[in-house]
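Structure first, then comments.
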Amino acid sequence: MTHKVKLVIFDLDGTIADTIPDIAAAISKTIAKYGDFGNIEELTRKSIGNGARKLMERVYDALGIPRDDLDADLKAYEELYARENCIDTVLYPNTLKVFDGLKERGIKMAVATMKPRGATWGVLENLGVVPYMEHIFSADDMAAPKPDPWSVVESARRVGVLPEECMMVGDSMTDVGSGISSGAVSVAILGGYYDQEKMKNSGAMYSTYDIGDVLAIVDEINGK
């Protein structure tokens, strides 16, 4: 039996917004005490995923920076990024179209991201999209991180729907995994931050390069 979609859960980085410029800038300022590493946007893009600590670890390893002070540096980065999180960050084209379209259809929305809480709320508030969301889960709010099904199952519980009536939309294998493991519809956004070849073979029910296609996918499932 195919369930109609009643709740769509979105990842943040690389899915609804391009956040790399501000993340890279905050990391650059944090690691400036170790030397001048130039523009690290591309390295940041390749390293993002699984939360801030993993991101910092990958950047440090790539640049040959010792991890001795990683805990303190991570705290400094998170505090800095919480303040300077939406200078060059922008929503991807068609994101607001999707949000408005889902709202018109009476479909609820939520965010589940591995960003720290301060930066998550800062970005979403500055982009003006908080009012669309029923709830927002940052890495600090999750009892278990993606790809665990917790984000979808708890989102469904809070809204009063079944996990099978949810759709998980994201650009990483962890997003797809969370959708699959919970029984939700999984939509892989290609062209985000995660390895594209892996995403093409992620096992997601649907794949698209344009988040705007989410509306058409919802309409197809719901029989509109």
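The values are calculated or read from the model by the stated rules, or taken from the named source; none is laboratory data. From a predicted model like this one, the values you see are computed outputs, not experimental measurements. Note that each Cβ is placed from the backbone with ideal geometry, even for glycine, and that neighbours are counted across all protein chains shown.
Within the stretch 97-120, can you find the residues that are surrounded by fewer than 17 Cβ atoms within 10 Å (Cβ to Cβ), in a helix (DSSP H, G or I) and out of contact with any helix residue (DSSP H, G or I) (no Cβ under 6 Å at 6 or more places or on another chain)? Scanning the stretch 97-120 gives K97, D100, K103, E104.
Determine whether the stretch 12-28 contains at least one residue that is part of a helix (DSSP H, G or I), in contact with a strand residue (DSSP E or B) (Cβ under 8 Å, 6 or more places away or on another chain) and without any contact (Cβ under 8 Å) to a residue 40 or more places away in the chain. No, the conditions are met nowhere in the stretch 12-28. Residues that are closer than 17 Å to Q196 by Cα and not charged (D, E, K, R) were ranked within the stretch 21-49; the one that is surrounded by the fewest Cβ atoms within 10 Å (Cβ to Cβ) is L43. If the condition is being closer than 17 Å to T44 by Cβ and surrounded by fewer than 16 Cβ atoms within 10 Å (Cβ to Cβ), then the stretch 68-83 contributes only L70. Among the conditions (1) under 17 Å from V169 (Cα atoms); (2) touching a Ser or Thr at 6+ places or on another chain (Cβ under 9 Å), W121 misses just one, which is (1). Just to be sure before I move on: is A62 surrounded by fewer than 21 Cβ atoms within 10 Å (Cβ to Cβ), touching a residue at least 40 places away in the same chain (Cβ under 8 Å), not in a strand (DSSP E or B) and not assigned by TED's automatic domain parsing to the domain that holds S138 in the structure I sent? The answer is no for A62. Of the residues in the stretch 212-219, at least one is in a loop (DSSP other than H, G, I, E, B) and modelled with pLDDT of 95 or more. Filtering the stretch 199-211 to residues that are assigned to a helix (DSSP H, G or I) and under 17 Å from the mean Cα position of the chain (by Cα) leaves only M199. Can you tell me which residue in the stretch 154-174 is modelled with the highest pLDDT, limited to those that are more than 16 Å from V5 (Cβ to Cβ) and under 18 Å from the mean Cα position of the chain (by Cα)? That would be E154.
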